Amino acid sequence: MHTRGTVAIIGAGDIGQAIAFVLRHSPYEIILWDVDRKKVRYPEPLETLIPRSQFVFSCVPARFIRTAMSPIAEHIHESTTVISLSKGLEGESNKTVERVLRESLPLGQPIALMSGPMLATELKAKQPGLAVIATRHESTYQAIRHLFAGTALTVTHSTDLHGVALAGVLKNIYTLSFGIADALKWESNAKGWLTMQAMHEMYDLLITLGGRGETALGAAGLGDFIATSASPTSKNHQCGYRFVTTKKGTENSEGFMALPGFIRLIDKKTKPYPLLDTLVAVLLDHQDPHVAFPRLLRVHL
C-alpha cells in the first residue's frame, strides 16, 4: 500500500502501543521507537526516522520529555507536528508539558497536547475513546483530525494548552485517592462524595493556575478523570491502591511523581483543599490512610 508519509511514536509503552494500534489502518507508515530496543521490532535511528516523519508522538513520562526531545530537535523538519500524550510535571523545574515542549523544540515548531478519556487498554481492545487536541493553530488541529479520521478515537479541539496540561496533572494526582479508597473498601456512597470533592478542587485549582473552566469540565478534565479514577488498569489508581496495601509501586505513577512539585506550584495558605491535603498527608507525610481518609469523610461529608 502506498503511504502518505511517516508517523513516529516515541515511547513504546502502553499508550504508545495503543496509538500505534488505533492508527494501524492509516495510510501513513507507523513506526514505534523506544530507547529500550527490546520494545521495538526493527529499531531505526532517530536521525533517519525524524526527518521523514510528518507527525511525531511523544509518549514518554513527563519527567523525560526534555531528554527525549533533545535529539529530535536536531533532526526535525519545521513543518512536522509534535503531539505529546504526557501528563505530568518536569522534575525539579515543575514546568508543564507544553512549556517543556516549547523550550525543547525549534521556535515555531507545530505542537499539540493530546488528552482525554483514552485508556490504553481500552483502545487496544477496539473500544472508543475521546481525545482533546490542544493547539493554538486550527491547521495543526485539522491535520491531526484527518490523521485519526475513521478510527475509534474521536478528537475535539481546544486552544487552552496550559489548561489541558494542568488537567492532566490534576487528574493523575486525584486519581490516587480512588486507588486508596478501593484499598480501604469504600463503596459507592463514599466514592460519590470523593468524586464531587475531587472535581470541586480540580476545577478551582485549574482556574487558579490559569486554565479555563470549560477545560476542567470537558473531556480533558472531568471526562479523563472519571475514566481513569474508575479504571483498575490506571497506573495512578494502582499506585494509590498499592500504597495502602504494600507501600510499593509508586515509581510508575505520574500522579505520585508530580505531587511534591505541584504542591510547590500553589499557595495552599490562601484556600484549603481538603482532599489534596489528605493525599499529601498520606503519600508524602506517611500518615495512616486508615485514619486520614475516614477523618476526611467525617469532617466534610
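Computed from the coordinates by the stated procedures, all read-outs in this text should not be read as laboratory data. Note that the structure is predicted; figures quoted are calculated from it, not measured. We place every Cβ from the backbone using ideal geometry, glycine too, and count neighbours over all the protein chains shown.
If we sort 64-71, 184-191, 260-267, 116-123 on the protection proxy, mean other Cβ atoms within 10 Å, highest first, what's the order?
Result, highest mean first: 116-123, 64-71, 260-267, 184-191.
Relative contact order of the chain: what whole-number percent is it, with Cα pairs under 8 angstrom and at least 6 residues apart?
Relative contact order, the chain: 15 percent.
Would any residue of region 230-249 have its amide N under 15 Å from a label point 7 Å out along Cα→Cβ of HIS290? List them or say none.
Inside the label zone: 243-247.
Quick one: angle between helix 235-245 and the longest Cα principal axis of the chain, in degrees between 0 and 90, rounded to 10, please.
In the chain, helix 235-245 runs at an angle near 30 degrees to the longest axis.
Can you give the FRET efficiency to the nearest 0.05 for ARG41 and ARG145, using r as the Cβ-Cβ distance and R₀ = 35 Å?
Efficiency, rounded to the nearest 0.05: 0.75.
Quote to one decimal, in nm, the extra length available between ASP267 and LYS124 on full extension: 0.36 nm per residue of separation minus the C-alpha distance between them.
47.5 nm
Using only the alpha-carbon atoms, how far is helix 138-148 inclined from the longest principal axis of the chain? Give it as 0 to 90 degrees, nearest 10.
That works out to roughly 90 degrees.
How many percent of DSSP beta bridges within the chain run antiparallel, rounded to 5?
Just about 20 percent of them are antiparallel.
Around PRO110, under 13 Å between beta carbons, what's the net of Lys plus Arg minus Asp minus Glu among the other residues?
Net of charged neighbours comes to -1.
How much mean residue ellipticity at 222 nm does the chain get from its helices, if each DSSP H run of length 4 or more adds -39500 (n - 2.57) and you divide by all residues, to the nearest 500 deg cm²/dmol?
-14000 deg cm²/dmol
Of the options VAL60, HIS162, LEU119, report the single residue whose Cα projects farthest towards the positive end of the charge dipole of the chain (beta-carbon charges: Lys, Arg +1; Asp, Glu -1).
The residue sitting most towards the positive pole is LEU119.
Between helix 161-183 and the chain, what is the angle of the helix's C-alpha long axis to the longest principal axis, kept within 0 to 90° and rounded to the nearest 10?
Taking Cα atoms only, the helix is inclined about 50 degrees.
Could you work out how much longer the chain between ARG52 and ALA152 gets when fully extended? Use 0.36 nm per residue separation minus the Cα distance between them, nm to one decimal. If you can, show how the numbers build up before the last one.
Numbers: separation 100, 0.36 × 100 = 36.00 nm, distance 2.62 nm.
Extending this stretch completely gives an extra 33.4 nm.
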